[in-house]
1. For a paramagnetic label modelled at 7 Å from the Cα of Arg45 toward its Cβ, which residues of segment 198-219 fall within the zone defined by backbone nitrogen distances under 17 Å?
2. Taking 0.36 nm per residue of separation and subtracting the Cα-Cα distance, what length does fully extending Lys225 through Lys88 add?
3. Give a quick list of trypsin sites (Lys or Arg not before Pro) in segment 29-110 that DSSP marks as loop, anything other than H, G, I, E or B, with at most 16 other Cβ atoms within 10 Å.
4. In whole percent, and with a 1.4 Å probe on the protein chains, what portion of the accessible area of the chain is carbon and sulfur?
5. Taking Rh as the Kirkwood radius, which is the inverse of the mean 1/r over Cα pairs, what is the Rg/Rh value for the chain?
6. Just how large is the dipole of the chain about the Cα centre, in debye to the nearest 20, putting +1 at every Lys and Arg Cβ and -1 at every Asp and Glu Cβ?
7. For segment 152-192, which trypsin sites (Lys or Arg not before Pro) are in a loop by DSSP, counting at most 11 other Cβ atoms within 10 Å?
8. How big, on average over all directions, is the shadow cast by the Cα convex hull of segment 158-236, in nm²?
Amino acid sequence: MEETTNSCKHIAIIMDGNGRWAKKRGMPRTFGHKKGAENVINITRAMKESGVKFLTLYAFSTENWQRSKDEVDALMGLLREYLDKEFKEIMDNNVKLLFIGERYMLSNDIIEKIEYLEKESAKNSDLTLCVALSYGSRCEMINAVKNITKDAVDGNINIDEINEKMFSSYLYTKDIPDPDILIRTSGEQRISNYLLWQIAYTELFFTNTLWPDFNKDELLDIIKKFNTRERRYGKN
Ligand code: IPE
Ligand code: IPE
Ligand code: MG
């Protein structure tokens with residue numbers, strides 16, 4: 001009989017293509033971001049149904065700070081709105097929220113909001129939704145190196161103790177397993193500084209669908225394909 005069990009625990013997504021989605025409709029890029037933010041809810045619901053326990057979404061990269069001030073402001077505005085509006089949905093659906101990235105670069109009111117949400121949702125257990133916000137993988141690894149070095153200099157750890165497991169425990173993702181699946185929408189086939197360490201053995205899926213159009217059927221289809229792939233390493 002064909003293997004049908006779902007062995008996927010964690011899906012990471014690079015939600016790309018909002019700008020092109022809007023452009024195709026003669027609308028400003030920010031309209032695409034609004035539709036993209038709305039789609040996060042649909043995909044989070046679909047994830048819960050699929051039984052996959054961890055979802056990590058790339059919402060804003062450290063490089064994205066270099067976009068125009070208008071676009072950055074619009075994205076931060078949407079984020080504020082989303083964090084307030086979706087609080088109930090998150091709690092009703094037993095979703096635990098985590099944020100990874102360079103928090104200090106965000107404005108104080110956003111830092112307060114995400115800390116509040118993390119605290120309130122900490123005991124939820126159906127799905128862990130990890131949002132990569134102001135996130136860059138190289139930055140994350142440099143921070144880890146700094147903290148390991150500090151602990152070594154302070155005499156808290158021995159250099160011989162440094163191994164892959166320990167390095168992972170210094171990353172923002174320390175509490176979640178490595179992704180089994182990475183999906184990038186919009187046709188681009190690059191990683192854009194996302195979870196470089198964590199995706200060492202992740203199965204990669206690229207789709208031409210622009211993020212606002214990415215739906216449950218496509219997600220379930222990818223999970224199905226994943227379950228037929230042979231993997232020797234990287235199983236959590
Ligand atoms: C992804 O859509 C959302 C963010 C990076 C915030 P883009 O804004 O990159 O859309 P495209 O790639 O220009 O179409
Ligand atoms: C990656 O998309 C970051 C997010 C989806 C948040 P970008 O559109 O910013 O990446 P590049 O610039 O095409 O590499
Ligand atoms: Mg893009």
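The values are calculated or read from the model by the stated rules, or taken from the named source; none is laboratory data. Worth saying up front: this structure is predicted, and the values here are computed from it rather than measured. In this analysis, Cβ positions are derived from the backbone assuming ideal geometry, glycine residues included, and neighbour counts consider all displayed protein chains. For accessibility, only protein heavy atoms count, side chains too; no ligands or nucleic acids. Shrake-Rupley method; radii C 1.70, N 1.55, O 1.52, S 1.80 Å.
1. 212-219
2. Working: separation 137, 0.36 × 137 = 49.32 nm, distance 3.31 nm.
Length gained between Lys225 and Lys88: 46.0 nm.
3. Working: sites: Arg29, Lys34, Lys35, Arg45, Lys48, Lys53, Arg67, Lys69, Arg80, Lys85, Lys88, Lys96, Arg103; in loops: Lys53, Arg67.
Here the sparse-neighbourhood loop sites are Arg67.
4. Numbers: 6520 of 12930 Å².
Taking all protein chains in place, the chain shows 50 percent carbon and sulfur surface.
5. Values: Rg = 18.1 Å, Rh = 18.8 Å.
For the chain, the value is 0.97.
6. Numbers: 35 positive and 37 negative charges, 116 e Å.
Dipole of the chain, to the nearest 20 debye: 560 debye.
7. Values: sites: Lys165, Lys174, Arg184, Arg190; in loops: Lys174, Arg190.
Within segment 152-192, the qualifying trypsin sites (Lys or Arg not before Pro) (loop, at most 11 other Cβ atoms within 10 Å) are Lys174, Arg190.
8. Numbers: hull surface 26.8 nm².
Dividing the Cα hull surface by four gives the mean projection, 6.7 nm².
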